[in-house]
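Reviewing the structure listed below.
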Amino acid sequence: MTLVAPQIRLRRPRLATLLTGAGVALVPWMAVLAQTLPRTVEVSNWPAAWIGLDAGLALGLAGTGVLLRRGDPRVSPVAAATGALLLMDAWFDVTTSAGPERVMAVALAVCAELPLAVACGVVAARRVL
């Protein structure tokens, strides 16, 4: 085991540097997008995109519940991923809606998606710590 640990330690800083650099590189890219993307677009396969996201949420929520009930330690990454999907869903629901639809999107975000995301975050954090 002592031979494996040094290899992991050597690779971790490289991966950390790569991930940090990728995050920092996205900042100027976001500025480019803010200046160049059109305010409105027509989108193909819109229903498939939203149904796919909701299918992922359904699997994540059900999987988190099943793994939590069983006391399975694999619940942490599933809960973390599901929480992230819930935050993304709330963001896109609110930012892609207008008028009365936006009121409904905000209500769903505040009453369902964000509280569920927090619950998933708590499950993920408690199982990791």
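Quick one: count up the residues across region 92-105 that are touching a helix residue (DSSP H, G or I) at 6+ places or on another chain (Cβ under 6 Å) and not charged (D, E, K, R). Result for region 92-105: 3. Checking ALA79, ALA31, ALA58, ALA62 one by one, the residue that is exposed (fewer than 12 other Cβ atoms within 10 Å of the Cβ), aliphatic (A, V, I, L, M) and under 26 Å from VAL118 (Cα atoms) is ALA58 and no other. Restricting ALA84, ALA109, ALA49 to those that are assigned to a helix (DSSP H, G or I), on the phi < 0 side of the Ramachandran plot and within 12 Å of the chain's Cα centre (by Cα) reduces the list to ALA84.
Every number here is computed from the coordinates shown, using simple stated rules; none is lab data. Predicted model, so just to flag it, every value in this text is computed and none were measured. Note: ideal-geometry Cβ built from the backbone for every residue, glycine included; neighbour counts use all protein chains shown.
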